[in-house]
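Worksheet: the structure to be examined is printed underneath.
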Amino acid sequence: MKSKFVTAKRISILCALLCASASAQTGGEKTTRILPQRVNPPASDYIPPAPPIAPPSTNAAPASAALVELPKTVLAFDGEFQETSVKPGAAETKFTFNLTNVSPEAVTITSVHTSCGCTVAQLPSLPWTIPPGSNGQINVTMNLAGKSGIVFKTVTVTADKGVRQLTVKTTFLPPDPPPMSGNRAENQKVALVDRQAVFKGDCARCHVEPGRNRMGKELYTAVCGVCHEAEHRATMVPDLHALKKETSPTYWRMFINFGKDASMMPAFAQERGGPLSPEQVESLVDYLTITMPSKPADAAPSAK
């Protein structure tokens with residue numbers, strides 16, 4: 001029993017010595033265990049969670065109604081299409097559209113837009129209110145710089161009662177044929193001997209080249225008008241606008257295809273040595289039938 005007591009006492013003394021030794025090594029200070037702490041990000045870097053996406057609204061505003069055509073019973077124009085022809089080198093063309101408010105209420109034009117910056121519309125300041133029964137004009141100017149051939153432009157007129165589109169067209173005429181070289185009288189003598197001479201040699205520059213790939217009015221201006229519309233037309237060349245005879249598509253077709261014997265009128269059909277294809281001939285027939293109205297022949301004197 002005494003032996004067990006001695007052993008326990010020794011153990012107690014040993015523990016005390018160990019604690020004293022540890023205290024001496026740390027200077028008698030207590031040690032504290034520091035646990036890592038959670039660090040929050042700076043406020044400036046904090047990104048809040050995205051809010052939930054709301055379902056699409058069923059009360060969205062309806063889209064604006066499609067623009068409707070301005071009724072002719074409201075605003076009447078003297079025409080919605082105008083055209084003109086100019087010679088090469090022309091600087092501009094001008095068009096005038098006349099309009100009338102034919103409705104019992106005032107009509108207000110709110111905007112006018114052209115399809116190209118080269119085309120300008122002139123009208124009173126907008127909005128332009130036109131009382132019932134009143135008239136007005138929209139003047140359109142087309143700048144032709146750098147243009148050729150056939151040019152179309154549109155002018156869109158928007159009013160409080162609808163939209164109307166106007167169209168303008170400019171056609172460039174073929175260039176004037178080069179002046180005839182040599183003596184005109186000599187050339188005419190040659191043509192009287194050989195009607196087809198106008199399609200040969202130097203004469204072809206005026207009577208063949210300008211008509212290539214042209215039809216209708218342009219073809220007439222290029223190959224027919226050079227003689228029949230000339231300012232100093234030869235006396236043996238008839239004025240087609242003043243013919244005192246009945247004409248018809250058949251008449252013009254024969255006249256163009258075969259020419260006229262004992263005259264300077266050549267045969268223009270390719271099969272007769274002329275420069276025109278059948279399609280070109282028919283385009284001339286159509287043009288002449290419309291623009292050169294038939295005039296009845298003088299009535300024969302009645303027998304007495």
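The numbers here are math on the coordinates, done by the rules we state, and not lab data. Keep in mind it's a predicted model, so treat the numbers as computed, not measured. Cβ: placed from backbone, ideal geometry, glycine included. Neighbour counts: every protein chain shown.
Between VAL237 and THR171, what's the calculated FRET efficiency when r is the beta-carbon distance and R0 is 41 Å? Round to 0.05.
Working from the Cβ atoms, E equals 0.95.
Across all directions of projection, what mean area in square nanometres is found for the Cα convex hull of region 75-172?
Approximately 5.8 nm², given one-decimal rounding.
Suppose we keep just the alpha-carbon trace of region 184-291; what are its Rg and Dmax in angstrom?
Gyration radius and largest Cα-Cα distance of region 184-291: 12.9, 35 Å.
Taking a threshold of 22 Å on the Cα-Cα distance, which of the pairs LYS169/LYS244; LYS72/LYS217; LYS147/LYS169; LYS94/LYS147; LYS87/LYS217 fall above it?
LYS169/LYS244; LYS72/LYS217
So how much slack lies between THR291 and THR73, counting 0.36 nm per residue of separation and subtracting their Cα-Cα distance, in nm?
Gain on extension, THR291 to THR73, equals 75.2 nm.
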